[in-house]
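These notes concern the structure reproduced below.
The values are calculated or read from the model by the stated rules, or taken from the named source; none is laboratory data. Worth saying up front: this structure is predicted, and the values here are computed from it rather than measured. Here the Cβ is made from the backbone with ideal geometry for all residues, glycine too, and neighbour counts use every protein chain on show. Note: accessible area is taken over every heavy atom of the protein model, side chains too, but ligands, DNA and RNA are not part of it. Shrake-Rupley method; radii C 1.70, N 1.55, O 1.52, S 1.80 Å.
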Amino acid sequence: MSGQILPKKHHPIAPQAAPGTLADEILKALMFRVGKNANVATGHDWLNASIKVVRDRIVTSWIDSTERTYKAGGKRVYYLSLEFLIGRLMRDAFSNMGMLEEVREALASLGVDLDVIAELEPDAALGNGGLGRLAACFMESMATVDVPAHGYGIRYVHGLFRQEIHDGNQVELPETWLEHGNPWDFDRRERAYEIGFGGTVEAQTNELGQPSGNIWRPQERVLATAYDTPVVGWRGKRVNTLRLWSAIPIDPILLDAFNAGDHIGALKESNKAEALTRVLYPADSHLAGQELRLRQEYFFSAASLQDIINRHLGEYEDLTSLPDKAAIHLNDTHPAVAVAELMRLLLDSHGFQFEAAWDITRRTFGYTNHTLLPEALESWPIHVFEQLLPRHMQIVYAINAELLREARDKGLDDGQIRNISLIGEDGERRVRMGNLAFAGSHSINGVSALHTDLMKQTVFSDFHQLYPNRINNKTNGITQRRWLFQCNPALTSLIRETIGDRFMDDIEALQELDRFADDASFREKFAAVKRANKERLTRVVSERMGLNLDPSALFDIQVKRIHEYKRQLLNIIEAVALYDQIRSHPERDWVPRVKFFGGKAAPSYFNAKKIIKLANDVGRVINNDPAVRGLLKVVFIPNYNVSLAEVMMPAADLSEQISTAGMEASGTGNMKFALNGALTIGTLDGANVEMKEHVGDDNIVIFGLTAAEVKDARTNGYNPREAIENSPELSQALSAILSGVFSHDEPERYRGLIGGLYEHDTFMCAADFDSYADAQRRVDDLWRDSADWNRRAVHNTARMGWFSSDRTIRQYAGEIWDVPA
Ligand code: 26V
């Protein structure tokens with residue numbers, strides 16, 4: 001990062017500040033809260049002190065927000081999510097408090113550069129990808145649009161692994177975001193709840209000997225303790241709470257063992273409890289039935305419900321009014337066990353009858369589905385579920401009996417009954433968490449119009465017939481505070497100079513920029529901002545990878561988790577085909593391009609790791625081939641995370657959103673790129689469909705099969721070999737990879753990955769290849785007319801306001817949660 005260095009350790013005179021100024025406050029915080037003076041303070045100390053000063057003001061607004069909700073007796077939203085991919089918080093919080101520039105100046109007067117210390121803040125990666133980042137954007141938008149909300153999740157000691165690339169291969173290293181402590185959170189030791197696992201269920205009888213409920217006697221117990229992070233909305237009007245649970249033992253030391261001299265054995269409980277919240281599962285599809293994951297799901301769901309009920313009973317007589325005062329939202333099925341847990345609490349601890357409990361439960365929960373991939377639909381083997389949660393197993397059976405009875409009454413046939421059952425009977429019997437979440441919620445939503453339609457037609461078609469009004473759509477959004485104002489300050493300033501500040505409070509006003517697309521002098525300024533952002537990315541690549549790039553080339557970026565359905569492979573194969581063309585036709589007028597890739601593969605996902613290796617292999621060969629004359633570069637940037645996204649989104653000319661149609665539920669990276677003025681090359685998948693409607697057909701490049709065509713091709717026996725043979729370019733590219741052009745050291749390396757395409761091509765790479773390559777040449781043509789390209793880029797920025805998460809949250813508030821916003 002550019003800018004001034006921190007004060008030298010042996011600064012001759014400690015910096016001074018006039019009493020009462022912000023600089024003085026920072027010095028005091030350094031002294032009394034960090035315990036250092038300016039002479040010896042490290043970058044982290046300055047960061048810590050600055051955060052503490054702003055945090056004090058946040059707390060004032062936080063307490064005020066909490067009291068306001070309490071006095072109004074308003075309904076609260078509880079967003080349950082195993083992932084909150086929040087990234088760095090400093091800029092976000094300072095800027096929403098309207099203090100960013102003030103703090104920058106105060107620090108500068110003390111000889112400290114805010115941009116330098118900002119880089120020291122860890123990137124909190126408590127999530128895998130889209131689902132976790134969406135939860136973070138939602139938290140910020142809920143505070144902004146004044147929805148009283150609590151996010152509930154887990155305070156993982158280790159977030160998503162850090163990725164290094166060694167010899168082209170992904171290497172996973174532990175992530176240690178808490179290394180220097182966390183200056184943002186408040187340790188709430190007093191907020192501790194007992195969470196049980198295993199054990200037995202005792203049937204109770206009353207004095208007449210009649211059955212009177214069941215009592216669960218867990219075999220193991222741990223404590224859940226809360227850590228609270230304040231979440232500041234825009235202009236600091238509301239501050240909500242992100243409450244993350246940490247597991248600690250009830251008896252930290254086993255005294256018998258300790259007294260017997262077994263000091264290590266005495267810590268057994270402690271180690272076991274702490275293992276529960278130690279690490280985030282790094283897979284975003286498929287789970288080999290790990291019990292620890294189910295423990296995490298139950299642990300945080302149960303702690304959150306106790307907390308919610310505790311708060312409710314502090315204000316109201318009983319739980320009958322829970323649905324009027326609390327909207328509990330399930331972010332995917334990960335917290336779905338909360339449905340059974342709330343039922344258990346209502347039945348076993350609060351004396352409700354089944355029917356009343358079920359009514360309260362369903363009116364309280366809402367559920368968002370984030371994927372249709374069959375392997376990502378969670379289910380647990382009955383024996384695992386029953387052993388860990390015996391009482392919940394009984395409750396699941398009871399709910400199922402009720403559900404299936406209702407379905408039969410409404411005339412569903414046996415096949416349909418099998419589909420909606422909470423218990424899957426094909427092979428090993430399993431508890432289906434999606435069905436549990438659906439049955440237990442009054443609203444089930446998809447995350448884009450297409451995804452919601454497909455949900456109705458596929459996974460939940462029988463549920464949809466049974467409950468036709470429950471499925472609804474809420475197209476995803478992103479927070480413009482982080483994904484425009486903070487990550488692209490130059491563009492934000494340009495927009496303010498051009499249309500004024502109204503868009504900063506009402507993002508739809510960004511549309512006013514649309515007419516400037518035809519203004520040549522505005523377009524030039526817009527292009528200059530893009531250029532500067534590309535230079536910034538170029539510096540990062542040069543610092544991190546020692547690779548020099550030309551910022552005047554077309555920057556083509558695909559960053560996201562590595563997944564076969566997202567088709568990074570299609571992009572790499574196209575790069576190989578282009579490479580071949582450039583070599584065969586050196587006389588043609590090739591558009592200089594840099595293809596960037598970034599993203600993490602789940603550690604156990606073999607093909608995804610191979611794709612990373614291939615991107616690196618292809619990059620090494622192409623980037624070093626003098627015949628290419630620098631016209632094409634392929635770059636895999638290691639360790640893609642939120643902070644890197646903040647540098648990449650503003651620097652893109654072209655955004656790659658090329659999933660097999662019907663498979664990407666929404667995408668949100670697509671929105672971040674377009675808001676920052678990139679054109680999209682994409683399939684008609686997820687939210688791309690709606691982006692096309694908003695930015696206009698001329699300002700997006702669409703290619704490939706539609707979801708319906710993909711389905712038809714699959715049912716009518718698609719033959720990939722034929723598709724490959726019919727495309728000389730594709731055949732050539734695949735042969736090159738297969739023959740070891742990019743893997744001299746191991747010519748057979750891609751036999752499985754590429755050879756497999758001829759046989760199955762599950763993700764339709766061959767079917768879409770020609771259409772994709774044509775679309776890329778259309779992109780080249782558009783790029784050659786830079787005025788025209790910039791016009792389209794401006795239209796993208798101007799028309800993306802609708803994709804704000806403020807809009808999304810207002811829709812959730814009005815149509816699902818029934819809270820004002
Ligand atoms: C699923 C699983 C399955 C078990 C193993 C652990 C695990 C972890 C995460 C997930 C969730 C995968 C679903 C997901 O991330 N969906 C993404 O959600 C985004 C926000 O709605 C959306 O934009 C993306 O299109 C969608 O892929």
- G686 vs. criteria closer than 18 Å to D780 by Cα and within 13 Å of the ligand (Cβ to nearest atom): no
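Matching residues to (1) in a helix (DSSP H, G or I); (2) surrounded by fewer than 22 Cβ atoms within 10 Å (Cβ to Cβ); (3) of a type outside the set (S, T, N, Q):
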| position | (1), (2), (3) |
| --- | --- |
| V431 | no, no, yes |
| A437 | yes, no, yes |
| S441 | no, no, no |
| I444 | no, no, yes |
| H451 | yes, no, yes |
| M455 | yes, no, yes |
| V459 | no, yes, yes |
| H464 | yes, yes, yes |
| N469 | no, yes, no |
- Flagged in the range 488-508 as over 20 Å from D92 (Cβ atoms), in a helix (DSSP H, G or I) and not basic (K, R), in numbering order, are L494, E497, T498, I499, E508
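Among residues belonging to the range 563-604 that are of a type in the set (V, I, T) and over 29 Å from the mean Cα position of the chain (by Cα), point out the one that is farthest from L684 (Cα to Cα). Before the answer, list the steps.
From the range 563-604, those of a type in the set (V, I, T) are 572-573, 576, 582, 591, 594; that's our starting set.
Now restrict to residues that are over 29 Å from the mean Cα position of the chain (by Cα): 576, 582, 591.
Working: V576: 24, I582: 29, V591: 26 Å.
Of everything passing the filter in the range 563-604, I582 is farthest from L684 (Cα to Cα).
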- Task: Could you tell me whether A553 is more than 30 Å from A376 (Cβ to Cβ), buried (at least 19 other Cβ atoms within 10 Å of the Cβ), hydrophobic (A, V, I, L, M, F, W, C) and in contact (Cβ under 8 Å) with a residue 60 or more places away in the chain?
- Result: yes
- Query: Got at least one residue in the range 106-121 being of a type in the set (S, T, Y), part of a helix (DSSP H, G or I), over 22 Å from the mean Cα position of the chain (by Cα) and over 30 Å from P174 (Cβ atoms)?
  - Reply: yes
- Breaking point among (1) open to solvent by 50 Å² or more (accessible area, probe 1.4 Å); (2) among the charged types (D, E, K, R); (3) within 14 Å of the ligand (Cβ to nearest atom), for E274: (3)
- Task: Please name all residue pairs, on different chains or six or more residues apart, with Cβ atoms under 9 Å, provided the first residue is in the range 593-613 and is on the phi > 0 side of the Ramachandran plot and the second residue is among the basic types (K, R) and outside any loop (DSSP other than H, G, I, E, B).
- Result: G599/K566
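Taking the range 270-314 only, how many residues are more than 30 Å from G73 (Cβ to Cβ), small (G, A, S) and in contact with a Leu (Cβ under 8 Å, 6 or more places away or on another chain)?
3
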- Query: When both residues are 6+ apart or on different chains and their Cβ atoms are under 6 Å apart, which pairs have a first residue that lies in the range 657-676 and is at positive phi, and a second that is within 11 Å of the ligand (Cβ to nearest atom)?
  - Reply: G667/Q657; G667/G686; G667/A687
- Task: Could you pull out every one of the strands (runs of 3 or more DSSP E) wholly within the range 166-263 that has 2 or more residues that are within 28 Å of Q387 (Cα to Cα) and open to solvent by less than 50 Å² (accessible area, probe 1.4 Å)?
- Result: 186-197, 211-217, 220-232, 239-249
- Note on the structure: Residue pairs within 8 Å by beta carbon, gap of at least six or interchain, first lying in the range 361-378 and part of a helix (DSSP H, G or I), second open to solvent by 30 Å² or more (accessible area, probe 1.4 Å) and more than 9 Å from the ligand (Cβ to nearest atom), listed first then second, are R362/H442; R363/H442
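Does the range 493-501 include one or more residues that are hydroxyl-bearing (S, T, Y) and surrounded by 18 or more Cβ atoms within 10 Å (Cβ to Cβ)? Break it down into steps so the answer makes sense when it comes.
So the first thing to find is which residues in the range 493-501 are hydroxyl-bearing (S, T, Y), and the list is 493, 498.
Okay, now just the ones that are also surrounded by 18 or more Cβ atoms within 10 Å (Cβ to Cβ), so none.
No.
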- Message: Return the pair list, or none, for Cβ contacts closer than 6 Å from residues in the range 104-129 that are crowded, with 17+ Cβ neighbours inside 10 Å to residues that are polar (S, T, N, Q) and not in a helix (DSSP H, G or I), at least 6 apart or on different chains.
- Response: D113/Q4; D123/N641; A125/N641
- Message: Here are the criteria: (1) crowded, with 17+ Cβ neighbours inside 10 Å; (2) under 29 Å from the mean Cα position of the chain (by Cα). Tell me which single one L267 does not satisfy.
- Response: (2)
- Could you tell me which residue of the range 277-292 is surrounded by the fewest Cβ atoms within 10 Å (Cβ to Cβ), considering only residues that are among the aliphatic types (A, V, I, L, M) and more than 10 Å from the ligand (Cβ to nearest atom)? L292
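Looking for whichever is more than 30 Å from E664 (Cα to Cα) and either modelled with pLDDT of 95 or more or open to solvent by 60 Å² or more (accessible area, probe 1.4 Å) (or both) here; the options are R344, R295. Which one fits? If you could, list the steps in order and put the result at the bottom.
Values: R295 fails: more than 30 Å from E664 (Cα to Cα).
When all the criteria are applied, what remains is R344.
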- the range 373-389, residues that are open to solvent by less than 20 Å² (accessible area, probe 1.4 Å) and away from the ligand (no atom under 16 Å from the Cβ): I382, L388, L389
- Item | Single match in H370, H329 (criterion: touching a His at 6+ places or on another chain (Cβ under 9 Å) and within 14 Å of the ligand (Cβ to nearest atom)) | H370
- Confirm whether R405 is of a type in the set (K, R), open to solvent by 50 Å² or more (accessible area, probe 1.4 Å) and either in contact (Cβ under 8 Å) with a residue 60 or more places away in the chain or not in a helix (DSSP H, G or I) (or both). no
- Checked pairs for the range 75-88, first closer than 22 Å to W817 by Cβ and free of Cβ contacts under 8 Å to residues at least 12 places away in the same chain, second assigned to a strand (DSSP E or B) and hydrophobic (A, V, I, L, M, F, W, C), C-beta under 9 Å and 6 or more apart or across chains, list as none
